[in-house]
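Peer 1: I'd like to ask you about the structure that follows.
The values are calculated or read from the model by the stated rules, or taken from the named source; none is laboratory data. Please read these numbers as outputs of a predicted model, since none were measured by experiment. Glycine gets a Cβ as well: all are built from the backbone with ideal geometry, and neighbour counts include every protein chain shown. Areas reflect the complete protein model, heavy atoms only, side chains present, ligands, DNA and RNA absent. Shrake-Rupley method; radii C 1.70, N 1.55, O 1.52, S 1.80 Å.
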Amino acid sequence: MSRHQGSSGKGKSGGRGHSNGSPAGGERSRDNSKGKSFARGNAPMRKTTKDISKPEEVKKAPVKKGNPDEIRLNKYIANSGICSRRDADMHISTGSVTVNGKVVTEMGYKVKLEDDVRFDGSRINPEKKAYVLLNKPKGFASTTSEGKGRTVMDLVANATTSRIKPIGRLGRNSLGLILFTNDEALVKKFTNSKNGVPRLFQIELDKNLKFEDLKSIQDGIRIDGKLVPVEEISYIEGESKNQIGLKIKNTGNTVIRSIFDHLKYEIVKLDCVAIAGLTKKDIPRGHWKHLTEQEVNNLKMMS
């Protein structure tokens, strides 16, 4: 055997291990000699950062939620019944509107329901007008403040969703009528020192009221140098002289107590039985009613 043939034989033996002797098999063998395998089952796993088969999601900017307690100024004005939103914008731009004492001309300005918003100097309210008459029992304070125990606001809590408040006060142990409303114009009429709305009280004293004291109260008594005007005062017919009827325009009951304290009488019972033309008829103690349209109009027309 020649040297050439021997070398050829070595070349054949170099192909040992091929399954079919194909050139492809040879290439795979040489690649495998490098210690790597590209067989499907042994392919290295790659971490994918996104799925290219799906469109990339676009992140949306978070939507800023408005404050539910705020309302645009032009809507506030329109809801009060003054004018339309478009006209409200015009009035705002001309400086006819103030918020908490400051002129606001900014379009889109937002306010809260409790803000003091005035149009041409008069305060306005965007809520529906409500008028509630309560026959107050003993044991309830006439206040809107919290932390005062039981108050008249507890008694009218379900009367309306409008933010009503009492006009005037009755002491915790006093009885009778209290009017609640969110109508600022009516509140102003009631609390006007010169043209207030009269209220009628039935008063029980610890002793009989002397006639000269009754006359002194009727003529106008001065307390701490201030005149306390009274519309009417009289004995209640058919009752003892410690039962008094008193009509006064002042909205507080403290002034009534001060009158009798000044004259050395103690009030045993104080009951507001009428406010203007409104009476306790058909309103049991601790209950309330909504005023009729006619009753509201009567109050508004009073001078």
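Peer 1: Mind listing whichever residues of region 217-233 are open to solvent by 60 Å² or more (accessible area, probe 1.4 Å), under 16 Å from Gln202 (Cβ atoms) and in a strand (DSSP E or B)?
Peer 2: Glu232 - this is the single residue of region 217-233 that is open to solvent by 60 Å² or more (accessible area, probe 1.4 Å), under 16 Å from Gln202 (Cβ atoms) and in a strand (DSSP E or B).
Peer 1: Do we have Asn135 as surrounded by 16 or more Cβ atoms within 10 Å (Cβ to Cβ), closer than 21 Å to Glu293 by Cα and either out of contact with any Cys (no Cβ under 8 Å at 6 or more places or on another chain) or of a type in the set (S, T, N, Q) (or both) here?
Peer 2: Numbers: surrounded by 16 or more Cβ atoms within 10 Å (Cβ to Cβ): yes; closer than 21 Å to Glu293 by Cα: yes; either out of contact with any Cys (no Cβ under 8 Å at 6 or more places or on another chain) or of a type in the set (S, T, N, Q) (or both): yes.
Here the answer is yes, as Asn135 does meet what is asked.
Peer 1: So Asn242 passes all but one of these: (1) at pLDDT 95 or above; (2) out of contact with any Lys or Arg (no Cβ under 7 Å at 6 or more places or on another chain); (3) not hydroxyl-bearing (Ser, Thr, Tyr). Which condition number does it fail?
Peer 2: (2)
Peer 1: Could you list, in sequence order, all residues of region 138-157 that are open to solvent by less than 30 Å² (accessible area, probe 1.4 Å) and under 20 Å from Glu295 (Cβ atoms)? Break it down into steps so the answer makes sense when it comes.
Peer 2: Start the filter on region 138-157 by keeping residues that are open to solvent by less than 30 Å² (accessible area, probe 1.4 Å), which leaves 139-143, 151-152, 156.
Val152, Val156 - these are the residues of region 138-157 that are open to solvent by less than 30 Å² (accessible area, probe 1.4 Å) and under 20 Å from Glu295 (Cβ atoms).
Peer 1: Given (1) farther than 30 Å from Phe119 by Cα; (2) open to solvent by less than 70 Å² (accessible area, probe 1.4 Å); (3) part of a loop (DSSP other than H, G, I, E, B), identify the lone condition not met by Gly196.
Peer 2: It fails just one condition, (1).
Peer 1: With the requirement that a residue be without any contact (Cβ under 8 Å) to a residue 24 or more places away in the chain, assigned to a loop (DSSP other than H, G, I, E, B) and not β-branched (Val, Ile, Thr), what does region 138-164 give you?
Peer 2: Answer for region 138-164, where residues must be without any contact (Cβ under 8 Å) to a residue 24 or more places away in the chain, assigned to a loop (DSSP other than H, G, I, E, B) and not β-branched (Val, Ile, Thr): Ser145, Glu146, Gly147, Lys148, Gly149, Arg150, Ala157, Asn158.
Peer 1: Hey, another quick one. Tally up the residues in region 211-238 that are touching a Ser or Thr at 6+ places or on another chain (Cβ under 9 Å) and at pLDDT 90 or above, please.
Peer 2: Step one: filter region 211-238 for residues touching a Ser or Thr at 6+ places or on another chain (Cβ under 9 Å), giving 214, 218, 223-224, 228.
Those still in the list that are at pLDDT 90 or above too: 214, 218.
Final tally of qualifying residues: 2.
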